[in-house]
Amino acid sequence: QLQASGGGLVQPGGSLRLSCAASRIIGSLSNMGWYRQAPGKQREWVALITSGSTPNYADSVKGRFTISGDNAKNTVYLQMNSLKPEDTAIYYCHTIWRSVTYWGQGTQVTVSS
């Protein structure tokens, strides 16, 4: 029901844009977010988009990442700029719709020279 894409290998300082396409079962992009999990670490929250208010970001990505949504495509994006090696992780999109939790399958982001 959530399909993440857009990961890849990028050099430090580079940019990537992740996409998360939601099936029509999920009727709203509100409260859709991104998480990431680096090797050997716990999954951590990255960003959240909500309706009617400004997006929220983890301190580690604030000012570098931007989350946005396209209601017509039922898709949420994560624009990642000024990438650092510590941003290397598998990125997952997530939402809760009608009390059901959905996770995307994850997309690998590797930041390395």
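The values are calculated or read from the model by the stated rules, or taken from the named source; none is laboratory data. In this text the structure is predicted, and so the values were computed from the model without any measurement. Positions of Cβ are generated from backbone atoms using ideal geometry, with glycine treated the same way; all protein chains shown enter the neighbour counts. Just so you know, the surface numbers come from the protein's heavy atoms only, side chains and all, with ligands and any DNA or RNA stripped out. Shrake-Rupley method; radii C 1.70, N 1.55, O 1.52, S 1.80 Å.
Taking packing as the residue-averaged number of other Cβ atoms within 10 angstrom, the listed peptides 8-15, 91-98, 71-78 run from highest to lowest as 91-98, 71-78, 8-15. Rolling a 1.4 Å probe over the protein heavy atoms gives the chain an accessible area of 53 Å² per residue. Global dimensions of the stretch 56-111 from alpha-carbon coordinates: Rg and Dmax equal 12.7, 37 Å.
Considering only Gln105, Ala22, Phe65, and ranking their Cα positions along the charge dipole of the chain that arises from unit charges at the beta-carbon of Lys, Arg, Asp and Glu, the one farthest toward the positive end is Ala22.
Name all residues of the stretch 80-95 having a backbone nitrogen under 15 Å from the label point set 7 Å from the Cα of Gln11 along its Cα→Cβ direction, giving them as ranges. Correct set: 82-85. By accessible area, using a 1.4 Å probe on protein heavy atoms only, the stretch 68-112 has 49% of its surface on carbon and sulfur.
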